[in-house]
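Enquirer: Would you mind keeping the following structure in view while I ask a few things?
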Amino acid sequence: MSNSAATTPKRPLRVAIVGAGPAGVYAADILTKSNEVKDGDVEVSIDLFEAYPAPYGLIRYGVAPDHPRIKGIVNALHKVLDRGDIRFLGNVTYGRDLKLHDFRAFYDAVIFSTGAIKDADLNIPGVELEGSFGGADFVSWYDGHPDVSRDWPLDAKEIAVIGNGNVALDVARMLVKHADELLSTEIPDNVYRALKNSPVTDVHVFGRRGPAQVKFTPLELRELSHAKDVDIVLYPEDFEFDEASEEAIRTNNQTKTMVNTMTNWLVEEHAEAEVPSSRRLHLHFLHSPVEIYDAAGNTAGTGKVAGIKFERMQLDGTGNVKGTGEYLDYPVQAVYRAIGYHGSPLDELEYDARAGVIPNEGGRVLDADGNPVPGIYATGWIKRGPVGLIGHTKGDALETIGCLLEDRLTLPPAQNPDPHAIIALLEERGVEYTTWEGWNRLDAHEAALGKAWTEAEADTGVVRERVKVVPREEMIRISRGAED
(Lines give C-alpha, C1' and ligand atoms only; values in the text may rest on other atoms or scores of the structure.)
Protein backbone atom coordinates (compact mmCIF):
# COMPACT_ATOMS: atom_id res chain seq x y z
CA MET A 1 0.00 0.00 0.00
CA SER A 2 1.34 3.46 -0.91
CA ASN A 3 2.27 5.82 1.90
CA SER A 4 1.40 8.88 -0.17
CA ALA A 5 -1.10 11.34 1.28
CA ALA A 6 -3.12 11.59 -1.92
CA THR A 7 -3.58 7.82 -2.20
CA THR A 8 -4.56 7.23 1.40
CA PRO A 9 -8.13 5.93 1.10
CA LYS A 10 -11.16 8.10 1.78
CA ARG A 11 -9.67 11.25 3.23
CA PRO A 12 -8.97 14.77 1.98
CA LEU A 13 -5.52 16.15 1.40
CA ARG A 14 -4.75 18.15 4.57
CA VAL A 15 -3.08 21.51 3.88
CA ALA A 16 -1.95 24.14 6.42
CA ILE A 17 -1.30 27.72 5.30
CA VAL A 18 0.70 29.86 7.72
CA GLY A 19 -0.21 33.52 7.27
CA ALA A 20 -3.75 34.82 6.63
CA GLY A 21 -2.91 37.92 4.62
CA PRO A 22 -3.77 38.25 0.92
CA ALA A 23 -1.07 35.75 -0.11
CA GLY A 24 -2.38 33.04 2.19
CA VAL A 25 -6.04 33.63 1.36
CA TYR A 26 -5.31 33.68 -2.38
CA ALA A 27 -3.40 30.39 -2.08
CA ALA A 28 -6.29 28.75 -0.22
CA ASP A 29 -8.82 30.07 -2.72
CA ILE A 30 -6.81 28.95 -5.76
CA LEU A 31 -6.34 25.48 -4.29
CA THR A 32 -10.07 25.05 -3.64
CA LYS A 33 -10.87 26.18 -7.19
CA SER A 34 -8.16 24.18 -8.96
CA ASN A 35 -9.15 21.82 -11.76
CA GLU A 36 -7.88 18.87 -9.74
CA VAL A 37 -10.32 19.69 -6.95
CA LYS A 38 -13.21 20.63 -9.25
CA ASP A 39 -12.78 17.43 -11.26
CA GLY A 40 -12.79 15.32 -8.12
CA ASP A 41 -9.22 14.04 -8.54
CA VAL A 42 -8.37 15.31 -5.08
CA GLU A 43 -10.35 16.56 -2.10
CA VAL A 44 -8.75 19.18 0.14
CA SER A 45 -9.13 20.27 3.75
CA ILE A 46 -7.43 23.62 4.46
CA ASP A 47 -6.55 25.34 7.74
CA LEU A 48 -5.40 28.95 7.53
CA PHE A 49 -3.23 30.01 10.50
CA GLU A 50 -2.51 33.59 11.57
CA ALA A 51 -0.26 34.97 14.31
CA TYR A 52 -2.69 37.81 15.02
CA PRO A 53 -6.23 37.34 16.34
CA ALA A 54 -7.69 38.90 13.16
CA PRO A 55 -7.20 37.93 9.50
CA TYR A 56 -6.06 39.98 6.47
CA GLY A 57 -2.40 40.56 7.41
CA LEU A 58 -0.97 43.40 5.32
CA ILE A 59 -4.43 44.80 4.57
CA ARG A 60 -5.17 45.30 8.26
CA TYR A 61 -1.67 46.16 9.50
CA GLY A 62 0.35 47.40 6.54
CA VAL A 63 -1.73 49.81 4.46
CA ALA A 64 -2.67 53.38 5.40
CA PRO A 65 -6.24 53.55 6.77
CA ASP A 66 -7.29 56.18 4.23
CA HIS A 67 -6.22 54.05 1.27
CA PRO A 68 -9.19 53.72 -1.12
CA ARG A 69 -8.38 50.17 -2.21
CA ILE A 70 -8.56 48.68 1.29
CA LYS A 71 -12.30 48.14 1.41
CA GLY A 72 -12.47 46.39 -1.94
CA ILE A 73 -9.65 43.98 -1.10
CA VAL A 74 -11.06 43.25 2.37
CA ASN A 75 -14.45 42.51 0.83
CA ALA A 76 -12.88 40.07 -1.63
CA LEU A 77 -10.90 38.27 1.09
CA HIS A 78 -13.97 38.18 3.33
CA LYS A 79 -16.01 36.45 0.63
CA VAL A 80 -13.38 33.72 0.32
CA LEU A 81 -13.19 33.01 4.05
CA ASP A 82 -16.93 33.37 4.58
CA ARG A 83 -17.68 30.42 2.27
CA GLY A 84 -16.92 28.02 5.09
CA ASP A 85 -14.60 25.66 3.18
CA ILE A 86 -11.41 27.21 4.64
CA ARG A 87 -10.92 27.10 8.41
CA PHE A 88 -9.33 30.19 10.00
CA LEU A 89 -7.27 29.76 13.19
CA GLY A 90 -5.94 33.06 14.53
CA ASN A 91 -3.64 34.01 17.40
CA VAL A 92 -1.44 31.00 16.65
CA THR A 93 2.26 31.79 16.26
CA TYR A 94 4.49 29.52 14.22
CA GLY A 95 7.64 28.54 16.09
CA ARG A 96 6.05 29.20 19.48
CA ASP A 97 2.57 27.67 19.63
CA LEU A 98 3.18 25.18 16.85
CA LYS A 99 6.50 23.87 15.53
CA LEU A 100 7.26 22.44 12.12
CA HIS A 101 6.98 18.86 13.39
CA ASP A 102 3.47 19.68 14.66
CA PHE A 103 2.39 20.76 11.21
CA ARG A 104 3.98 17.69 9.65
CA ALA A 105 2.08 15.48 12.08
CA PHE A 106 -1.33 16.92 11.20
CA TYR A 107 -0.93 18.02 7.56
CA ASP A 108 0.29 16.57 4.29
CA ALA A 109 1.54 19.94 3.07
CA VAL A 110 2.38 23.31 4.64
CA ILE A 111 2.45 26.63 2.75
CA PHE A 112 4.22 29.58 4.40
CA SER A 113 2.81 32.99 3.48
CA THR A 114 4.22 35.03 6.36
CA GLY A 115 5.04 38.11 4.30
CA ALA A 116 7.61 40.78 5.19
CA ILE A 117 7.00 43.25 8.00
CA LYS A 118 10.44 44.63 8.93
CA ASP A 119 12.19 47.65 7.42
CA ALA A 120 15.00 47.12 4.95
CA ASP A 121 18.28 48.44 6.35
CA LEU A 122 19.60 51.88 5.47
CA ASN A 123 23.32 51.68 6.11
CA ILE A 124 24.34 55.28 6.72
CA PRO A 125 25.78 56.92 9.86
CA GLY A 126 23.22 58.27 12.29
CA VAL A 127 20.36 55.82 11.74
CA GLU A 128 20.46 54.90 15.43
CA LEU A 129 19.91 58.46 16.68
CA GLU A 130 16.76 59.32 18.60
CA GLY A 131 14.15 60.44 16.09
CA SER A 132 15.27 58.04 13.35
CA PHE A 133 12.45 55.59 12.63
CA GLY A 134 11.64 52.69 10.39
CA GLY A 135 8.69 53.41 8.12
CA ALA A 136 7.32 49.90 8.64
CA ASP A 137 7.29 50.46 12.41
CA PHE A 138 5.34 53.69 11.93
CA VAL A 139 2.86 51.92 9.65
CA SER A 140 2.36 49.23 12.29
CA TRP A 141 1.71 51.94 14.88
CA TYR A 142 -0.86 53.91 12.90
CA ASP A 143 -2.55 50.69 11.80
CA GLY A 144 -3.00 49.56 15.40
CA HIS A 145 -0.73 46.51 15.31
CA PRO A 146 -1.43 44.58 18.55
CA ASP A 147 2.26 44.04 19.36
CA VAL A 148 3.40 47.66 18.92
CA SER A 149 3.48 50.33 21.63
CA ARG A 150 0.41 52.57 21.73
CA ASP A 151 2.66 55.64 21.93
CA TRP A 152 4.64 57.31 19.14
CA PRO A 153 6.86 60.41 19.50
CA LEU A 154 5.30 62.97 17.16
CA ASP A 155 7.22 66.06 18.27
CA ALA A 156 9.01 67.12 15.08
CA LYS A 157 8.07 70.15 13.02
CA GLU A 158 10.27 69.19 10.04
CA ILE A 159 10.48 65.56 8.94
CA ALA A 160 12.39 63.65 6.27
CA VAL A 161 10.97 60.52 4.64
CA ILE A 162 13.52 58.52 2.63
CA GLY A 163 12.09 56.45 -0.19
CA ASN A 164 10.10 56.77 -3.40
CA GLY A 165 7.67 53.87 -3.15
CA ASN A 166 4.05 53.59 -2.06
CA VAL A 167 4.99 53.07 1.59
CA ALA A 168 7.06 56.28 1.61
CA LEU A 169 4.08 58.22 0.28
CA ASP A 170 1.74 56.56 2.79
CA VAL A 171 4.07 57.51 5.64
CA ALA A 172 4.44 61.08 4.39
CA ARG A 173 0.71 61.51 3.85
CA MET A 174 -0.13 60.21 7.32
CA LEU A 175 2.45 62.54 8.87
CA VAL A 176 1.29 65.67 7.06
CA LYS A 177 -2.46 65.09 6.88
CA HIS A 178 -4.67 66.72 9.49
CA ALA A 179 -5.98 64.08 11.88
CA ASP A 180 -9.63 65.10 11.59
CA GLU A 181 -9.57 63.97 7.94
CA LEU A 182 -8.81 60.44 9.16
CA LEU A 183 -11.84 60.14 11.43
CA SER A 184 -13.89 58.58 8.64
CA THR A 185 -11.42 55.66 8.56
CA GLU A 186 -10.92 52.86 11.09
CA ILE A 187 -8.00 54.73 12.70
CA PRO A 188 -7.53 53.73 16.37
CA ASP A 189 -8.33 56.43 18.92
CA ASN A 190 -4.77 56.60 20.30
CA VAL A 191 -3.43 57.22 16.79
CA TYR A 192 -5.97 59.96 16.13
CA ARG A 193 -5.09 61.75 19.36
CA ALA A 194 -1.35 61.61 18.69
CA LEU A 195 -1.67 62.85 15.11
CA LYS A 196 -4.09 65.57 16.26
CA ASN A 197 -1.39 66.98 18.55
CA SER A 198 1.47 66.74 16.05
CA PRO A 199 3.29 70.08 15.53
CA VAL A 200 4.47 69.12 12.02
CA THR A 201 4.70 71.87 9.41
CA ASP A 202 6.93 70.33 6.71
CA VAL A 203 7.41 66.77 5.49
CA HIS A 204 10.17 66.19 2.90
CA VAL A 205 10.13 63.02 0.76
CA PHE A 206 13.50 62.19 -0.80
CA GLY A 207 14.13 59.87 -3.75
CA ARG A 208 17.55 58.81 -5.04
CA ARG A 209 16.58 58.83 -8.71
CA GLY A 210 14.45 61.12 -10.85
CA PRO A 211 10.70 61.68 -11.24
CA ALA A 212 10.52 59.18 -14.12
CA GLN A 213 11.99 56.38 -11.95
CA VAL A 214 9.68 56.57 -8.93
CA LYS A 215 8.22 53.34 -7.58
CA PHE A 216 4.89 54.66 -6.37
CA THR A 217 1.70 54.51 -8.44
CA PRO A 218 -0.51 57.25 -9.95
CA LEU A 219 -3.20 56.48 -7.39
CA GLU A 220 -0.81 57.03 -4.48
CA LEU A 221 0.44 60.23 -6.07
CA ARG A 222 -3.04 61.64 -6.62
CA GLU A 223 -3.97 60.92 -3.01
CA LEU A 224 -1.36 63.45 -1.91
CA SER A 225 -3.34 66.26 -3.51
CA HIS A 226 -6.52 65.32 -1.61
CA ALA A 227 -5.13 66.38 1.78
CA LYS A 228 -6.71 69.64 2.94
CA ASP A 229 -4.61 72.59 4.11
CA VAL A 230 -1.44 70.96 2.71
CA ASP A 231 0.65 72.48 -0.10
CA ILE A 232 2.69 70.20 -2.36
CA VAL A 233 6.12 71.68 -3.08
CA LEU A 234 8.39 70.56 -5.92
CA TYR A 235 11.72 71.84 -7.20
CA PRO A 236 12.49 72.74 -10.87
CA GLU A 237 16.07 71.45 -10.67
CA ASP A 238 14.72 67.94 -10.07
CA PHE A 239 12.87 67.88 -13.39
CA GLU A 240 15.68 67.37 -15.87
CA PHE A 241 15.31 64.11 -17.80
CA ASP A 242 17.94 61.95 -19.48
CA GLU A 243 17.37 59.81 -22.59
CA ALA A 244 16.13 56.79 -20.63
CA SER A 245 13.70 58.97 -18.66
CA GLU A 246 12.29 60.54 -21.81
CA GLU A 247 11.92 57.11 -23.38
CA ALA A 248 10.05 55.87 -20.29
CA ILE A 249 7.73 58.87 -20.45
CA ARG A 250 7.01 58.20 -24.14
CA THR A 251 6.45 54.47 -23.84
CA ASN A 252 5.00 53.89 -20.36
CA ASN A 253 1.57 55.37 -19.67
CA GLN A 254 1.97 55.11 -15.89
CA THR A 255 5.28 56.98 -15.96
CA LYS A 256 3.84 59.57 -18.34
CA THR A 257 0.83 60.11 -16.07
CA MET A 258 2.94 60.59 -12.94
CA VAL A 259 5.50 62.90 -14.55
CA ASN A 260 2.74 64.99 -16.12
CA THR A 261 0.93 65.21 -12.77
CA MET A 262 4.06 66.40 -10.98
CA THR A 263 5.11 68.87 -13.67
CA ASN A 264 1.59 70.35 -13.59
CA TRP A 265 1.90 70.73 -9.82
CA LEU A 266 5.28 72.38 -10.34
CA VAL A 267 3.69 74.99 -12.58
CA GLU A 268 0.60 75.49 -10.45
CA GLU A 269 2.42 75.90 -7.13
CA HIS A 270 3.75 79.31 -8.17
CA ALA A 271 0.22 80.70 -8.27
CA GLU A 272 -0.45 82.80 -5.19
CA ALA A 273 -2.79 81.12 -2.71
CA GLU A 274 -5.34 83.32 -1.00
CA VAL A 275 -4.72 81.59 2.32
CA PRO A 276 -1.37 79.80 2.73
CA SER A 277 -1.63 76.23 3.95
CA SER A 278 -0.41 75.42 7.43
CA ARG A 279 1.52 72.34 6.26
CA ARG A 280 3.73 71.51 3.28
CA LEU A 281 4.69 68.25 1.61
CA HIS A 282 7.95 68.56 -0.32
CA LEU A 283 8.90 66.06 -3.05
CA HIS A 284 12.64 65.92 -3.71
CA PHE A 285 14.39 63.81 -6.34
CA LEU A 286 18.04 63.03 -7.13
CA HIS A 287 19.00 62.99 -3.43
CA SER A 288 21.08 60.14 -1.97
CA PRO A 289 21.24 60.07 1.87
CA VAL A 290 24.73 60.34 3.34
CA GLU A 291 24.28 60.75 7.09
CA ILE A 292 21.87 61.75 9.85
CA TYR A 293 23.29 63.94 12.60
CA ASP A 294 22.38 65.54 15.93
CA ALA A 295 22.59 69.18 17.04
CA ALA A 296 26.34 68.84 17.65
CA GLY A 297 26.91 67.31 14.22
CA ASN A 298 27.49 63.84 15.64
CA THR A 299 26.23 60.69 13.95
CA ALA A 300 26.80 58.39 16.92
CA GLY A 301 25.76 58.39 20.54
CA THR A 302 22.44 59.16 22.18
CA GLY A 303 21.73 62.49 20.53
CA LYS A 304 18.50 63.48 18.81
CA VAL A 305 18.10 63.98 15.07
CA ALA A 306 18.72 67.59 14.04
CA GLY A 307 19.46 67.25 10.33
CA ILE A 308 20.21 65.02 7.37
CA LYS A 309 22.85 65.30 4.64
CA PHE A 310 22.36 64.20 1.03
CA GLU A 311 24.57 64.01 -2.02
CA ARG A 312 23.04 65.59 -5.08
CA MET A 313 22.74 63.01 -7.86
CA GLN A 314 22.45 63.30 -11.63
CA LEU A 315 20.96 60.97 -14.23
CA ASP A 316 23.55 59.11 -16.30
CA GLY A 317 21.57 58.58 -19.50
CA THR A 318 20.32 55.09 -18.61
CA GLY A 319 17.85 56.13 -15.92
CA ASN A 320 20.38 55.34 -13.22
CA VAL A 321 22.24 58.02 -11.24
CA LYS A 322 25.74 59.04 -10.27
CA GLY A 323 27.01 61.39 -7.59
CA THR A 324 27.87 65.00 -8.31
CA GLY A 325 30.03 65.70 -5.26
CA GLU A 326 27.57 68.39 -4.19
CA TYR A 327 26.13 67.97 -0.69
CA LEU A 328 22.95 69.43 0.75
CA ASP A 329 21.81 69.65 4.37
CA TYR A 330 18.23 69.80 5.61
CA PRO A 331 17.26 70.69 9.18
CA VAL A 332 14.82 68.03 10.37
CA GLN A 333 13.94 66.64 13.78
CA ALA A 334 12.86 63.18 12.59
CA VAL A 335 13.78 60.79 9.78
CA TYR A 336 11.60 57.94 8.52
CA ARG A 337 13.26 55.21 6.45
CA ALA A 338 10.81 53.79 3.91
CA ILE A 339 13.08 52.10 1.39
CA GLY A 340 11.34 48.74 1.48
CA TYR A 341 10.37 45.76 3.61
CA HIS A 342 12.44 42.72 4.52
CA GLY A 343 11.30 39.21 5.39
CA SER A 344 12.10 37.47 8.67
CA PRO A 345 13.57 33.98 9.21
CA LEU A 346 11.27 31.12 10.20
CA ASP A 347 12.25 28.38 12.65
CA GLU A 348 13.59 25.16 11.10
CA LEU A 349 13.61 26.57 7.55
CA GLU A 350 16.52 27.87 5.50
CA TYR A 351 16.66 31.65 5.12
CA ASP A 352 18.29 33.99 2.61
CA ALA A 353 19.22 36.95 4.83
CA ARG A 354 20.26 39.13 1.91
CA ALA A 355 16.98 38.80 0.03
CA GLY A 356 14.82 38.28 3.13
CA VAL A 357 13.12 35.19 1.69
CA ILE A 358 12.81 31.45 2.22
CA PRO A 359 14.93 29.82 -0.51
CA ASN A 360 12.58 28.12 -2.96
CA GLU A 361 12.07 27.04 -6.53
CA GLY A 362 8.65 27.99 -7.83
CA GLY A 363 7.34 27.87 -4.27
CA ARG A 364 8.95 24.57 -3.28
CA VAL A 365 11.01 25.35 -0.16
CA LEU A 366 14.65 24.23 -0.39
CA ASP A 367 16.96 22.77 2.24
CA ALA A 368 20.58 23.77 2.91
CA ASP A 369 21.75 21.65 -0.05
CA GLY A 370 19.28 23.25 -2.43
CA ASN A 371 16.93 20.26 -2.55
CA PRO A 372 13.13 20.61 -2.20
CA VAL A 373 11.81 19.85 1.28
CA PRO A 374 8.91 17.42 0.75
CA GLY A 375 5.53 18.93 1.57
CA ILE A 376 6.82 22.46 2.42
CA TYR A 377 5.99 25.46 0.21
CA ALA A 378 6.05 29.27 0.23
CA THR A 379 4.07 32.03 -1.43
CA GLY A 380 3.85 35.82 -1.36
CA TRP A 381 6.59 38.16 -0.16
CA ILE A 382 8.38 35.50 1.92
CA LYS A 383 8.72 33.58 -1.35
CA ARG A 384 9.82 36.30 -3.78
CA GLY A 385 10.59 39.38 -1.69
CA PRO A 386 8.52 42.50 -0.99
CA VAL A 387 8.00 43.72 -4.53
CA GLY A 388 4.87 44.37 -6.56
CA LEU A 389 1.35 45.23 -5.57
CA ILE A 390 -0.98 43.08 -3.49
CA GLY A 391 -2.64 41.61 -6.57
CA HIS A 392 0.68 40.19 -7.77
CA THR A 393 0.52 37.61 -4.99
CA LYS A 394 -2.20 35.83 -6.97
CA GLY A 395 0.35 34.84 -9.60
CA ASP A 396 2.68 33.65 -6.85
CA ALA A 397 -0.04 31.55 -5.30
CA LEU A 398 -1.00 30.04 -8.65
CA GLU A 399 2.59 28.87 -9.20
CA THR A 400 2.96 27.49 -5.68
CA ILE A 401 -0.37 25.66 -5.74
CA GLY A 402 0.56 24.22 -9.13
CA CYS A 403 3.71 22.75 -7.60
CA LEU A 404 1.82 21.36 -4.62
CA LEU A 405 -0.71 19.64 -6.87
CA GLU A 406 2.06 18.22 -9.04
CA ASP A 407 3.62 16.75 -5.90
CA ARG A 408 0.42 15.43 -4.38
CA LEU A 409 1.18 11.77 -5.11
CA THR A 410 4.50 11.93 -3.24
CA LEU A 411 3.64 14.14 -0.27
CA PRO A 412 4.59 12.71 3.14
CA PRO A 413 1.26 11.75 4.72
CA ALA A 414 0.07 13.30 7.97
CA GLN A 415 0.27 10.99 10.95
CA ASN A 416 -3.04 12.29 12.29
CA PRO A 417 -5.14 13.92 9.55
CA ASP A 418 -8.27 14.27 11.69
CA PRO A 419 -9.23 18.00 11.50
CA HIS A 420 -10.22 17.93 15.18
CA ALA A 421 -6.76 16.77 16.27
CA ILE A 422 -5.05 20.14 15.74
CA ILE A 423 -7.79 21.85 17.76
CA ALA A 424 -7.26 19.37 20.60
CA LEU A 425 -3.53 20.10 20.53
CA LEU A 426 -4.05 23.88 20.66
CA GLU A 427 -6.43 23.52 23.57
CA GLU A 428 -4.07 21.14 25.36
CA ARG A 429 -1.31 23.76 25.05
CA GLY A 430 -3.58 26.56 26.26
CA VAL A 431 -3.43 28.51 23.00
CA GLU A 432 -6.31 31.01 22.89
CA TYR A 433 -6.93 30.55 19.19
CA THR A 434 -9.55 32.60 17.38
CA THR A 435 -11.89 31.53 14.58
CA TRP A 436 -13.76 32.99 11.64
CA GLU A 437 -16.85 33.24 13.80
CA GLY A 438 -14.71 35.11 16.30
CA TRP A 439 -13.54 37.53 13.61
CA ASN A 440 -17.17 38.22 12.72
CA ARG A 441 -17.78 39.10 16.38
CA LEU A 442 -14.78 41.42 16.44
CA ASP A 443 -15.76 42.92 13.10
CA ALA A 444 -19.26 43.68 14.41
CA HIS A 445 -17.78 45.11 17.63
CA GLU A 446 -15.53 47.52 15.72
CA ALA A 447 -18.46 48.61 13.57
CA ALA A 448 -20.52 49.21 16.74
CA LEU A 449 -17.72 51.38 18.15
CA GLY A 450 -17.84 53.45 14.97
CA LYS A 451 -21.61 53.81 15.17
CA ALA A 452 -21.46 54.84 18.84
CA TRP A 453 -18.82 57.49 18.09
CA THR A 454 -20.86 58.82 15.17
CA GLU A 455 -23.95 59.15 17.33
CA ALA A 456 -22.05 60.76 20.22
CA GLU A 457 -20.37 63.27 17.89
CA ALA A 458 -23.32 63.86 15.58
CA ASP A 459 -22.69 67.60 15.51
CA THR A 460 -19.38 67.05 13.67
CA GLY A 461 -21.10 65.46 10.67
CA VAL A 462 -18.38 62.78 10.57
CA VAL A 463 -19.46 59.18 10.03
CA ARG A 464 -17.09 56.55 11.41
CA GLU A 465 -17.79 53.14 9.92
CA ARG A 466 -15.64 51.41 12.53
CA VAL A 467 -12.96 51.96 15.17
CA LYS A 468 -10.17 49.42 15.20
CA VAL A 469 -9.57 47.51 18.44
CA VAL A 470 -5.85 47.50 19.21
CA PRO A 471 -4.87 45.50 22.35
CA ARG A 472 -4.33 41.83 21.57
CA GLU A 473 -5.97 40.74 24.82
CA GLU A 474 -9.13 42.68 24.00
CA MET A 475 -9.24 41.32 20.47
CA ILE A 476 -8.98 37.77 21.81
CA ARG A 477 -11.61 38.37 24.50
CA ILE A 478 -14.13 39.74 22.01
CA SER A 479 -13.35 37.11 19.36
CA ARG A 480 -13.79 34.27 21.82
CA GLY A 481 -17.14 35.62 22.99
CA ALA A 482 -16.07 36.83 26.42
CA GLU A 483 -17.18 40.46 26.13
CA ASP A 484 -18.96 40.56 29.46
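The values are calculated or read from the model by the stated rules, or taken from the named source; none is laboratory data. All figures in this text were calculated on a predicted structure; none of them were measured in a lab. Note that we place each Cβ from the backbone using ideal geometry, even for glycine, and neighbour counts take in every protein chain shown. SASA here: full protein model, heavy atoms, side chains in, ligands and nucleic acids out. Shrake-Rupley method; radii C 1.70, N 1.55, O 1.52, S 1.80 Å.
Enquirer: Name every residue in segment 196-245 that is among the aromatic types (Phe, Trp, Tyr), within 27 Å of the chain's Cα centre (by Cα) and within 19 Å of Lys322 (Cβ to Cβ), in order of residue number.
Expert: Phe206
Enquirer: Just to be sure, is Ser277 under 21 Å from Tyr235 (Cα atoms), at pLDDT below 95 and open to solvent by less than 30 Å² (accessible area, probe 1.4 Å)?
Expert: When the stated conditions are applied, Ser277 passes them.
Enquirer: Is it fair to say Ala306 is of a type outside the set (Ser, Thr, Tyr), at pLDDT 95 or above and open to solvent by 30 Å² or more (accessible area, probe 1.4 Å)?
Expert: Considered against the rule, which asks whether it is of a type outside the set (Ser, Thr, Tyr), at pLDDT 95 or above and open to solvent by 30 Å² or more (accessible area, probe 1.4 Å), Ala306 comes out as yes.
Enquirer: Kindly list, by first and then second residue, each pair from a residue in segment 294-305 that is in contact (Cβ under 8 Å) with a residue 60 or more places away in the chain and under 14 Å from Val332 (Cα atoms) to a residue that is of a type in the set (Val, Ile, Thr) and part of a loop (DSSP other than H, G, I, E, B), limited to pairs with Cβ atoms under 8 Å and residues at least 6 apart or on different chains.
Expert: From residues that are in contact (Cβ under 8 Å) with a residue 60 or more places away in the chain and under 14 Å from Val332 (Cα atoms), the pairs are Val305/Val332.
Enquirer: Further question on the same structure: Name the one entry in Val161, Val203, Val191 that is open to solvent by less than 20 Å² (accessible area, probe 1.4 Å), under 25 Å from Pro55 (Cβ atoms) and not in a loop (DSSP other than H, G, I, E, B).
Expert: Val191
Enquirer: Same structure, new question: Please state which one of Gly319, Gly375 is in contact with a helix residue (DSSP H, G or I) (Cβ under 8 Å, 6 or more places away or on another chain), touching a residue at least 60 places away in the same chain (Cβ under 8 Å), crowded, with 17+ Cβ neighbours inside 10 Å and within 30 Å of Tyr235 (Cα to Cα).
Expert: Gly319
Enquirer: Related question: Restricting attention to segment 12-43, which residues are closer than 28 Å to Asp97 by Cα, open to solvent by 30 Å² or more (accessible area, probe 1.4 Å) and touching a strand residue (DSSP E or B) at 6+ places or on another chain (Cβ under 8 Å)?
Expert: Within segment 12-43, Pro12, Glu43 meet the criteria.
Enquirer: Does any residue of segment 168-183 turn out to be buried (at least 18 other Cβ atoms within 10 Å of the Cβ) and closer than 25 Å to Asp316 by Cβ?
Expert: Among the residues of segment 168-183, at least one is buried (at least 18 other Cβ atoms within 10 Å of the Cβ) and closer than 25 Å to Asp316 by Cβ, which makes the answer yes.
Enquirer: Of all residues in segment 59-76 being out of contact with any Asp or Glu (no Cβ under 9 Å at 6 or more places or on another chain) and in contact (Cβ under 8 Å) with a residue 40 or more places away in the chain, which is most open to solvent (accessible area, probe 1.4 Å)?
Expert: Arg69
Enquirer: Turning to a different aspect of this structure: Under the condition of being out of contact with any Lys or Arg (no Cβ under 6 Å at 6 or more places or on another chain) and among the hydroxyl-bearing types (Ser, Thr, Tyr), which residue from segment 425-478 is most open to solvent (accessible area, probe 1.4 Å)?
Expert: Thr460
Enquirer: What residue, of Tyr52, Tyr56, is crowded, with 21+ Cβ neighbours inside 10 Å, free of Cβ contacts under 8 Å to residues at least 60 places away in the same chain and in a loop (DSSP other than H, G, I, E, B)?
Expert: Tyr56
Enquirer: Hey, does segment 352-360 have a residue that's of a type outside the set (Phe, Trp, Tyr), within 23 Å of Ala105 (Cα to Cα) and not in a loop (DSSP other than H, G, I, E, B)?
Expert: Yes; the residues of segment 352-360 include at least one that is of a type outside the set (Phe, Trp, Tyr), within 23 Å of Ala105 (Cα to Cα) and not in a loop (DSSP other than H, G, I, E, B).
Enquirer: OK, next. Pairs needed: first member in segment 100-117, under 13 Å from Leu425 (Cα atoms); second member anywhere, among the basic types (Lys, Arg) and surrounded by 22 or more Cβ atoms within 10 Å (Cβ to Cβ); C-beta distance under 9 Å; at least 6 residues apart or different chains.
Expert: Phe106/Arg14
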